[in-house]
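> Mind looking over this structure? Questions follow.
The values are calculated or read from the model by the stated rules, or taken from the named source; none is laboratory data. As the structure is a computational prediction, the values presented were derived from the model and not from experiment. When we count neighbours, we look across all protein chains shown, and the Cβ atoms used for this are built from the backbone with ideal geometry, even at glycine. Accessible surface areas use protein heavy atoms only, side chains included; no ligands, DNA or RNA. Shrake-Rupley method; radii C 1.70, N 1.55, O 1.52, S 1.80 Å.
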Amino acid sequence: MAADIIPIAQAALPPRRATIPSDLWLYVAIALMTVAIRAPVFADLNYHIDEGFYLLVGDRMREGLLPYADIWDRKPLGLFLVYGAIAAISRGSIVAVHLGASICAAGNAALIALIARRWVAPVPAVTAAIAYLAALETLAGGGGQSPVFYNLPVSAMAWLTLRAHDARSIARVRVLARFAVACGGIALTIKQTCLPECLFFGIVLTHNVYRLALGWRLVVREAALLASIGALPTLACLLFYTVIGYGSDYLFATMLSNFGRMPMAWSERAALASYLAPRILPLLLCALAGVALLWRQARPNGAQLLLSGWIASSLAGFLMVPNFYDHYALPLLPSLCVAAAFLFARHPLGPIFAAIVIASSLALAGWPAFDRTRATNAAMQTAARTIAAHGGDRSLYVFDGPVHLYTLVGAPLPTRWVFPEHLSTAEEHGATGADAARELTAILKRRPAVIVAAGQPGARHPHPAAWHAVRTALAAEYTKVATIEVPEFGGSRVIGIFALHTRKAAASSSPPAR
């Protein structure tokens, strides 16, 4: 066994912890690698449609619009509060989104190194952290996807749970457990799919209380308190919307609407799995090898069980959503990278496996993507100027295209369902609370000055009635004034910009009255 790995027999004793300033270089290296890896897409105006939409919601919250009531989506409120804070600080700048996401990515990488440092030497620990930063890139996490933000509190929960496992007094365990479940509660308000991880760590924390408690009464009372702390942020969001009269809207959007989406066909899932496999398989295999090394070293102990359970619970969160995409795998990365650190510490092959994981992730992500970012920004700025020149800054409808165009031109929103796929795809038909045909009829009757529509539907299934209604209106009342290819992560889309014949703004472009 390589000397770089601390024998697990020592894990019964308090594991050694990273020290400062002796390990300060480790965190400096992580910060520098974060900048080097993520800098090529800084200020990319169309890195991914999701972050453009989240920023739009956050920016319009400054004007008093409310998620779910005025702008519909199924993500929990915490994500929009994050983007609302970013928009308030930066006045809706995508640069601020990428800066905030990079800070969270660096913080998460530092936690991965800190956890791995309990058992391995500094070099493999920082290598695992760099592997996390590289793997983010290949799974569309180079921008502001929601897991980039909520992975941080989940990893903090894992670290605090390990600290609670080390504690020798019931008072110390209870304090650490409360902070840990608070982190989990915050993560749940950003994305619900981290629930299995939160439940797993909650069970481990309750066991730690049981290990040192003097009776079942204390354990039951503490378990109830921990559950209450974890649920408090979500309950606070629900209470806020209930008080202002939109409690049912919040419940439907964030919980019930997921069950109405059209599931993917098995052929589509197979195609997505084949796309995802080369992007996640190298790290997954290294992580499984790391777990195997961990279990081979000594008798089972808390560290082995906790790391294995963390991986299993993150995988459960990934599988709980029937329609999955590449960025849905981002929550798997923290636990996999910690586990892979045990293999990375194994000489002489460990560093080679680490290099393969990092290099393959960056290569599949097209890193460095400076050229793509420049091309994207040129295309988006051209589109924004064209839209504004034809009155789109006063009246715009993006039926199928980059949502960030609303922010760039400052146009009012024509509907609550402003995310294009909510009205244009069959997957969302019946799952959003909107009658797509009726809503589109209402939008088109107001005759937006400019409509943006892609030449061909995206990868998802187009809603036939929706596309027919829009194409009929475009043929009757609009003229195509520009065709622009807009790059994005993983490819590009060709969008058409259509101006109303009269070039007059629509009579009304505001969403239906609340």
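> Which of the residues that make up the stretch 216-234 are free of Cβ contacts under 8 Å to residues at least 12 places away in the same chain and under 29 Å from the mean Cα position of the chain (by Cα)?
The answer is Ser228, and nothing else.
> Taking the conditions exactly as written (open to solvent by less than 10 Å² (accessible area, probe 1.4 Å) and either without any contact (Cβ under 8 Å) to a residue 24 or more places away in the chain or not in a helix (DSSP H, G or I) (or both)), does Gly392 satisfy them or not? Give the steps one after another, and end with the answer.
Numbers: open to solvent by less than 10 Å² (accessible area, probe 1.4 Å): yes; either without any contact (Cβ under 8 Å) to a residue 24 or more places away in the chain or not in a helix (DSSP H, G or I) (or both): yes.
Here the answer is yes, as Gly392 does meet what is asked.
> Being open to solvent by 50 Å² or more (accessible area, probe 1.4 Å) and not aromatic (Phe, Trp, Tyr) is the filter here; which residues of the stretch 244-267 pass it?
Listed by number, the residues that qualify are Ile244, Gly245, Ser248, Leu251, Met255, Leu256, Asn258, Met262, Pro263, Ser267.
> Could you please let me know if Cys104 is in a helix (DSSP H, G or I) and touching a Ser or Thr at 6+ places or on another chain (Cβ under 9 Å)?
Judged against the criteria, Cys104 is not a match.
> While we're on this one: Tell me the residue from Ala442, Ala426, Ala379 that is small (Gly, Ala, Ser), at pLDDT 90 or above and within 27 Å of Phe259 (Cβ to Cβ), please.
Checking each option against the conditions leaves just Ala442.
> Here is a further query. Filter the stretch 13-38 down to the residues that are modelled with pLDDT of 55 or more and buried (at least 17 other Cβ atoms within 10 Å of the Cβ) and list them by number. First the steps, then the outcome.
Taking the stretch 13-38 as the starting set, the residues that turn out to be modelled with pLDDT of 55 or more are 22-38.
Selection gives Asp23, Leu26, Tyr27, Ala29, Ile30, Met33, Thr34, Ile37, Arg38.
> Which one of these is at pLDDT 90 or above and exposed (fewer than 15 other Cβ atoms within 10 Å of the Cβ): Ala345, Ala365, Ala359?
Ala359
> Related question: Looking only at the stretch 365-384, count how many residues are among the hydrophobic types (A, V, I, L, M, F, W, C), out of contact with any Leu (no Cβ under 9 Å at 6 or more places or on another chain) and assigned to a helix (DSSP H, G or I).
Of the residues in that region, 3 qualify.
Yes or no, residue by residue, for (1) β-branched (Val, Ile, Thr); (2) more than 12 Å from Leu77 (Cα to Cα):
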| position | (1), (2) |
| --- | --- |
| Ala227 | no, yes |
| Thr234 | yes, no |
| Cys237 | no, no |
| Thr242 | yes, yes |
| Tyr246 | no, yes |
| Ala253 | no, no |
| Asn258 | no, yes |
| Arg261 | no, yes |
| Trp266 | no, yes |
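> So the check is Cβ under 8 Å with 6+ separation or different chains; which pairs have a first residue in the stretch 268-289 that's under 20 Å from Gly141 (Cβ atoms) and a second one that's of a type in the set (A, V, I, L, M) and open to solvent by 60 Å² or more (accessible area, probe 1.4 Å)?
Pro278/Leu364; Arg279/Leu364; Pro282/Ile356
> Of the numbered conditions (1) modelled with pLDDT under 95; (2) within 26 Å of Leu423 (Cα to Cα), Ile89 satisfies every one except a single condition; which is it?
Ile89 satisfies every listed condition except (2).
> Of the residues Ala69, Ala2, Ala9, only one is more than 29 Å from Leu195 (Cα to Cα), at pLDDT below 95 and open to solvent by less than 30 Å² (accessible area, probe 1.4 Å); which? Can you show your working first?
Details: Ala69 fails: more than 29 Å from Leu195 (Cα to Cα); Ala9 fails: open to solvent by less than 30 Å² (accessible area, probe 1.4 Å).
Only one candidate passes the filter, namely Ala2.
> Can I ask one more? Please count how many residues of the stretch 294-312 are over 26 Å from Leu199 (Cα atoms) and part of a helix (DSSP H, G or I).
Result for the stretch 294-312: 2.
> Among the residues of the stretch 318-364, write down those that are aliphatic (A, V, I, L, M) and not in a helix (DSSP H, G or I).
Met320, Val321, Ala345, Leu349
> List, please: which pairs have Cβ atoms under 6 Å, are six or more places apart or on different chains, and start with a residue in the stretch 396-412 that is without any contact (Cβ under 8 Å) to a residue 40 or more places away in the chain and on the phi > 0 side of the Ramachandran plot and end with one that is in a loop (DSSP other than H, G, I, E, B) and not polar (S, T, N, Q)?
Gly410/Asp393
> Taking the stretch 449-497, which residues are in a helix (DSSP H, G or I), small (Gly, Ala, Ser) and within 12 Å of Ser424 (Cα to Cα)?
The answer is Ala465, Ala466, Ala469.
> Of all the residues that make up the stretch 205-228, how many are more than 12 Å from Arg174 (Cα to Cα) and either among the basic types (Lys, Arg) or open to solvent by less than 50 Å² (accessible area, probe 1.4 Å) (or both)?
So the first thing to find is which residues in the stretch 205-228 are more than 12 Å from Arg174 (Cα to Cα), and the list is 214-217, 220, 224, 227-228.
Then keep just the ones that are either among the basic types (Lys, Arg) or open to solvent by less than 50 Å² (accessible area, probe 1.4 Å) (or both); that gives 215, 217.
Residues meeting the conditions: 2.
> Now, a different point. For the stretch 245-282, enumerate the residues that are at pLDDT 85 or above and in a loop (DSSP other than H, G, I, E, B).
Correct list: Gly245, Tyr246.
The rows are residues; the columns are (1) open to solvent by less than 50 Å² (accessible area, probe 1.4 Å); (2) farther than 27 Å from Ala87 by Cβ.
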{"position": "Val398", "(1), (2)": "yes, no"}
{"position": "Thr407", "(1), (2)": "yes, no"}
{"position": "Leu440", "(1), (2)": "yes, yes"}
{"position": "Pro448", "(1), (2)": "yes, no"}
{"position": "Gly455", "(1), (2)": "yes, yes"}
{"position": "Pro464", "(1), (2)": "no, yes"}
{"position": "Leu474", "(1), (2)": "yes, yes"}
{"position": "Ala499", "(1), (2)": "yes, yes"}
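> Name the residue, out of Arg117, Arg91, Arg62, that is in contact (Cβ under 8 Å) with a residue 60 or more places away in the chain, open to solvent by 20 Å² or more (accessible area, probe 1.4 Å) and of a type in the set (D, E, K, R). Walk me through it before giving the result.
Numbers: Arg91 fails: in contact (Cβ under 8 Å) with a residue 60 or more places away in the chain; Arg62 fails: in contact (Cβ under 8 Å) with a residue 60 or more places away in the chain.
One residue alone meets the criteria, Arg117.
> Can I ask one more? Tell me which residues, restricted to the stretch 45-66, are among the charged types (D, E, K, R) and either part of a helix (DSSP H, G or I) or modelled with pLDDT of 95 or more (or both).
Residues satisfying the conditions are Asp50, Glu51, Asp59, Arg60.
> On the basis of being under 22 Å from Ile49 (Cβ atoms) and touching a strand residue (DSSP E or B) at 6+ places or on another chain (Cβ under 6 Å), does Ala365 make the cut?
So Ala365 fails the test.
> I would also like to ask the following. So, in the stretch 129-176, how many residues would count as being among the aliphatic types (A, V, I, L, M), over 30 Å from Val219 (Cβ atoms) and open to solvent by 10 Å² or more (accessible area, probe 1.4 Å)?
Matching residues across the stretch 129-176 total 1.
> OK, next. Does Glu428 satisfy the criteria of being closer than 16 Å to Pro464 by Cα and either among the hydroxyl-bearing types (Ser, Thr, Tyr) or part of a loop (DSSP other than H, G, I, E, B) (or both)?
Yes.
> Sticking with this structure for a sec: Restricting to the stretch 415-425, count the residues that are open to solvent by less than 40 Å² (accessible area, probe 1.4 Å) and part of a loop (DSSP other than H, G, I, E, B). Before you say what the answer is, go through the steps one by one.
We begin by selecting, within the stretch 415-425, every residue open to solvent by less than 40 Å² (accessible area, probe 1.4 Å); these are 415, 417-420, 422-425.
So of that shortlist, the ones also part of a loop (DSSP other than H, G, I, E, B) come out as 415, 417-420.
The qualifying residues number 5.
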